[in-house]
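The structure under discussion appears below in the form of structure tokens.
Read the figures in this text as sums done on the coordinates, not as results from a lab. Bear in mind that the values here come from a model prediction, so they are computed numbers and not experimental data. Cβ placement follows ideal geometry from the backbone for every residue including glycine, while neighbour counts extend to all protein chains displayed.
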Amino acid sequence: MHTDYMVIGRTRNAQNIQRLVVGIESKGYSCYNFLNIPATPDTPDLPWDEQMNISESDPDFWNSSHYRETFETDISGLKNADTIVMLLPCGLAAHMEAGLAFGLNKKLILIGEVEKPETLYLMFNERYPDIESFLETI
């Protein structure tokens with residue numbers, strides 16, 4: 001399904017990701033939200049921190065159909081979004097997604113302050129210090 005935006009970031013930053021997604025949608029745009037899929041299928045009502053602790057220690061991670069399906073759904077969301085917004089702080093997965101988005105020629109937006117600037121951060125078309133500054137522009 002095509003969307004205007006996709007937000008990428010750290011699941012443990014779920015509260016701010018949700019705030020950004022709601023802000024984008026309040027402006028009339030569609031946004032793929034990876035938080036719609038629980039990190040752990042057996043305990044979806046746990047806080048995100050706890051779900052991530054469980055999934056990261058799952059001894060059957062590589063063979064799990066849930067994680068494979070989550071991966072495929074998120075990649076589809078990335079491919080079908082016009083613009084990718086990376087919200088800091090985030091982890092390695094979001095950085096990998098940003099690289100993939102760059103390779104797919106997506107518009108890339110960075111929100112937050114980069115602790116250690118690297119030349120590859122120049123892949124972002126726009127940068128904003130915070131969510132509110134970004135939302136004012138769309």
If the chain between residue 116 and residue 72 were fully stretched, how many nm would it gain, using 0.36 nm times the residue separation less the Cα-Cα distance?
12.8 nm
Could you give me D for the chain, from Stokes-Einstein at 4 °C and 1.567 mPa s, where the hydrodynamic radius is the Kirkwood radius over C-alpha pairs? Units µm² s⁻¹, please.
83
Please compute the contact order of the stretch 44-138 in relative form: average sequence separation of alpha-carbon pairs under 8 Å and at least six residues apart, divided by the residue count, as a percent.
20
Under 5 Å between amide H atoms, partner at least 5 residues away or on a different chain: which partners does residue 5 have, H built in plane at 1.01 Å?
30, 31, 32, 82, 83
Residue order, fewest to most surrounding Cβ atoms within 10 angstrom, among 19, 10:
19, 10
If one computes P(r) from the Cα atoms of the stretch 55-136, what percent of pairs lie at distances over 19 Å?
45
J(HN,Hα) series, the stretch 131-136, from Karplus relation 6.51 cos²θ - 1.76 cosθ + 1.60, nearest Hz, glycine and proline x
4, 4, 4, 5, 4, 5
Sticking with the crude label model, points 7 Å out along Cα→Cβ, report the distance from residue 27 to residue 64 in nm, one decimal please.
3.3
Which residues' amide hydrogens lie under 5 Å from the amide hydrogen of residue 128, considering only partners 5 or more residues apart or on another chain, with H built in the peptide plane?
110, 111, 112
Once the convex hull of the alpha carbons of the stretch 1-40 is built, what does its volume come to per residue, in cubic angstrom?
64
Quick check on the exposure proxy: order 24, 131 from fewest to most C-beta atoms within 10 angstrom.
131, 24
